[in-house]
Structure formats: structure tokens, C-alpha cells
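Let me begin by presenting the structure, written as C-alpha cells, before commenting on it.
Every number here is computed from the coordinates shown, using simple stated rules; none is lab data. Small disclaimer: the values here were computed from a predicted structure and weren't measured. Cβ atoms come from the backbone with ideal geometry, glycine included; neighbour counts cover every protein chain shown.
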Amino acid sequence: MFYVAVEGESTEPDYLTYLNREFGAEHQFLIHPLYKRNGMTPGRVVDRALEQRDEIAGDDARAQLWALFDRDQHRDIPKALRDARAGGVRIAFSNPSFDLWLLLHFTDVSGQQNGSSRVVHSKLRQQPGFETFGVRNDKSVAGSRAKALAGRSAAAVRRAKRLVDDCPNGACSAVAGHAAHCDPLRRDPSTDVWQLVIELGIAES
Ligand SMILES: [Zn+2]
């Protein structure tokens, strides 16, 4: 059982639902997406995961708690990261946003994004199924978009790991992770969502 608190109200919950449908039976997991209408800040995402931890209170020792959130223009990220670590919540941080993870299913991404998802979105709209992503605020990942992701998880993991190896910090690697002194805000671009995908058993590490 995976409890995954997320920032967005549509993109991430849709993606987690897709994972349940596509891989849940085969790899014997069930993800409970925890989200709110109109979304949550990184701080709220971590708080929500911690509330869930208190709710299950050791009922399921194998349950994993995760918090997924983005850099965007948020200011409370260092505190959210600290709170998550102290509370036993695993973090999948994306810089500039979760949508980078979707794009990595199709192509490599390089070059600093400076907290903006503009480039990521324009490249994502060049991919099959995602032509209208973000248009009129439609950032869902259902139907043809979910279908377009199928079969591309391993490639996305490989590309995301390469971004850790290429971290501007210079002391980071996919094998060892980001160095302790590597500032998350400067891991640009980067996303940790691949670690969740490996924990779920969908891709090999
Ligand atoms: Zn790093």
C-alpha cells in the first residue's frame, strides 16, 4: 500500500490512477492518491502525508508514505523537505514540475528551467496524446495521454537517472543520489518520481 500525497488536483492523481490500472495487479500494489481540489503547497502536501501516517498508526507496517511536489515558485520547500525527512515520508521532488517526469517518457531534457515549466510544456505538447496539454487548464493524464505513456516507464527512469548524473552540483549520481549539500532548488532540471516507480516494481533500478 502506497499513500502518495500530491500537489496538483489533476495531473498527479490521474498519473497515479494510471499506475494502479496499468501495473497494480501485476506488481501487487495499490496507490492511494491524497490530493485536494485546487491543489496544495509543498508544506501542505507533507502535512497531508503525515496526517495519513497518524491515521494508519502502524496498522500496515509495509505501507509507504510519499510526498510529490514541485519547485515552481514555491518558497516553503526547504521546510517541507525537512518535515518529510523527520516524519519518515519519502519525497519525490520535481524541478521545475511533475510535468518534467511526463516529458521524460518521450525525450531527454537538459538546460536550466529556472522554476518555469514553459519549455517543458511546449515540448510535451509535441508528444502524441499531449497536443493540448495545459490548454484551457486541462492538465489531466487520462485517456489517450495515459495510453501514450504506456511502455515508456523504463525509458523515463533511465532519462531521470541521467539527470542526477548530470546534476549541476557535480557531486551527485543516480547510484548514490544527490549529495547532502546539493540544494534541491538548484537540481535544475530534475525529478525523483523514478524512485517511486522503482519502489512499485514497475522498472528495475
Ligand atoms: Zn544534485
Original post:
So what's the gap between the Cα centers of segment 33-57 and segment 127-143, to the nearest angstrom?
Top reply: 25
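Arranged by the count of other C-beta atoms within 10 angstrom, fewest first, what order do THR11, THR132 take?
Lowest to highest Cβ neighbour count: THR132, THR11.
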Original post:
When the convex hull of the Cα atoms of segment 2-199 is projected onto a plane and the area is averaged over all directions, what value comes out in nm²?
Top reply: 10.6
**OP:** Restricting attention to the chain, give the cysteines that have no other cysteine Cβ less than 4.7 angstrom from their Cβ.
**Re:** CYS182
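Relative contact order of segment 2-199, please, whole-number percent, based on alpha carbon pairs below 8 angstrom and at least 6 residues apart.
Dividing the mean separation by the residue count of segment 2-199 yields 21 percent.
Report, in deg cm²/dmol and to the nearest 500, the calculated mean residue ellipticity at 222 nm for the chain, where each DSSP H run with n ≥ 4 adds -39500 (n - 2.57) and the sum is divided by the residue count.
Counting only the DSSP helices, I get -10500 deg cm²/dmol.
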Original post:
Please identify the trypsin sites (Lys or Arg not before Pro) of segment 37-120 that satisfy two criteria: DSSP loop assignment and at most 12 other Cβ atoms within 10 Å. Which are they?
Top reply: ARG37, ARG62, ARG75
Subject >> Within segment 32-66, backbone nitrogen closer than 17 Å to the virtual label 7 Å beyond the Cα of LYS79 toward Cβ >> reply: 40-51
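Relative contact order of segment 2-79, please, whole-number percent, based on alpha carbon pairs below 8 angstrom and at least 6 residues apart.
Relative contact order, segment 2-79: 44 percent.
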Subject >> Full-stretch length increase - ALA61, SER140 - with 0.36 nm per residue and alpha-carbon distance subtracted >> reply: 25.2 nm
Subject >> Spacing of the two label points (7 Å from each Cα toward its C-beta) at ARG152 and ASN38, in nm >> reply: 3.3
**OP:** Using DSSP, restrict attention to beta bridges with both residues in the chain and report what percent are antiparallel, rounded to the nearest 5.
**Re:** 20
